[in-house]
1. Against the globular-protein guess of 2.2 N^0.38 Å, express the Cα radius of gyration of the chain as a ratio, rounded to two decimals.
2. What GluC sites (Glu not before Pro) in the range 285-352 are in a loop by DSSP, with at most 13 other Cβ atoms within 10 Å of the Cβ?
3. Can you give me the pair-distance distribution of the range 299-383, C-alpha pairs, 5 Å bins, whole percents?
4. With both bridge residues required to lie in the chain, what share of the DSSP beta bridges run antiparallel, to the nearest 5%?
5. Rank these by accessible area, largest first, 1.4 Å probe: Val201, Val91.
6. Which value, in Å² and to the nearest 10, is the accessible area of Ser25 when all protein chains are kept and the probe is 1.4 Å?
7. How high is the FRET efficiency from Lys122 to Ser332, r the C-beta distance, R0 60 Å, rounded to 0.05?
8. Could you give the radius of gyration (one decimal) and Dmax (whole number) of the Cα atoms in the range 1-153, in Å?
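The values are calculated or read from the model by the stated rules, or taken from the named source; none is laboratory data. Keep in mind the model is a prediction, meaning the values are calculated, not measured. Backbone-built Cβ (ideal geometry, glycine too); neighbour counts: all protein chains shown. With ligands, DNA and RNA removed, areas are computed over all heavy atoms of the protein, side chains included. Shrake-Rupley method; radii C 1.70, N 1.55, O 1.52, S 1.80 Å.
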Amino acid sequence: FLHCNGEFLSNKIRKFPDGFQFGASTSAYQIEGGWYEDGKGLSIWDIATHTDPSQIKDKSTGDVAADSYHLYKRDVEIAKELGLDFYRFSVSWPRILPKGFSEQINQAGIDYYNNLIDELLKNNIKPFLTMYHWDLPYELQKLGGWVNPYIIDWFVDYAKVLYDNFGDRVKLWTTINEPKQICYEGYGSTLKAPMLNVTGVAEYICAKNVLLAHAKAYHLYDEHYRKIQNGTIGISISCTWFEPASDTVDDHQAAIDARQFDWGQYAHPIFSKAGDFPLELKRNIALKSAEQGYPRSRLPELSASEICLIRGSSDFFGVNSYTTKLTYRDASLEGMYAVPSYMDDMAAVIISNPAWPQAQSTWLQEVPWGFHKILKEIMKLYDNPPVYITENGWSTSGGLLDEDRIRYYRNYLNVLLDAIEEGCDVRKFTAWTLIDNFEWKNGYTEKFGLYEVDFSSEKHNRTPRKSAYIYKEIIRTRTLDP
Ligand code: BG6
């Protein structure tokens, strides 16, 4: 294997440990379509794409997407072709609860997921269900969405509907996919729906509510369902590695701060022994809030009982990881913001290294050693929790011969094996993504799929890329060949 800087990493056949499992991931809004069919309610993404199409690069929507609402059997067939141990998909909250509340259940939505789950089990593929992958019912957003603390109960009621209807067959659960993308990107910026853009304030309120919603849904399962249903439940957090741009103390601190804002904000309250938000987060936001004349920190406090509720509320650390950034501190930028700002609170400047291989997505570069550092850091900071890689993948502009995706997966899996050899408890790997989809604000301009989808035809034919054959071979042999 060639490291991206040309160095040889390994020249022997490497075997995955016994019991290690492989999967692929998708999300409801990105593949299902059927946006207004059979009683489904609207989500914040339906609203975002319909009210202002210019928000999306190619002005597209997920109205039809890969049409998995109708073609789910073909998706399962693909999962089977690949030999996946599990398939990670998400449930569309408004397809099941059109208004968001559990008082009104849409039976057609329940039927759809029952059919998908049964089809998977029939093919010997474990269903791995994500409860929330960003398509909030619009009716709940009208009430404030993730910045309204009532959402904690709305989410728990929704989770109960999922346990009651699917828990007899689903044994792998993620509550929330990527809190940072929900909170910072959705409420602190315009990168994701609902594009609220109240930076330095809304994302922290959202963070607290997401953590509590997750923790309460976890405890509901743990205390009332686990004994009968016997499943595993956790959260998926997106983790980017931030590397100091130089060896100065300041740049090292900037990298630590960036990691704590990016993922420690969500991981520390759940996985650290002490619980609560990380020190760096509390210190930086309190300092900036005071400079800006606020009597209290803009970061909401977690009470002792909330800390206790959140701490330990995950059976595994779900890692979604793609890339690495360089980080430095620029003192001349400090104090420039008289108004709240997440970027200013973080006090780190984030840049890419143009020398690293670049994907179609601007934010995505291939840096396997950064992925390795994340796994080691999680082992060190959080006492070696069971880790499931719940997402990892590479985007291209299209085409079936995706040599760069193959190189990316091989290099990332290679360092994953290094991490396992060094003691990290990594148990699952999930490729993002099974089939091409609607890539949020980039519409259909980026392709992450192991299978290509022909969006130009109503049939939405799926065709394996070269990477699909390679991934299949890795799964079949449980080895990485040199
Ligand atoms: C992951 C998300 O963070 O990144 C996926 O969980 C998403 O839903 C993927 O498709 C790629 O991100 P983007 O923003 O380039 O579409």
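1. In units of the 2.2 N^0.38 Å rule of thumb, it is 0.92.
2. Glu301, Glu334
3. Answer for the range 299-383: a P(r) of 3, 10, 14, 13, 16, 19, 16, 7, 2, 0 percent.
4. If I count the DSSP bridges inside the chain, around 25 percent turn out antiparallel.
5. Largest to smallest exposure gives the sequence Val201, Val91.
6. Roll a 1.4 Å probe over it and Ser25 shows about 0 Å².
7. 0.45
8. 19.0, 58
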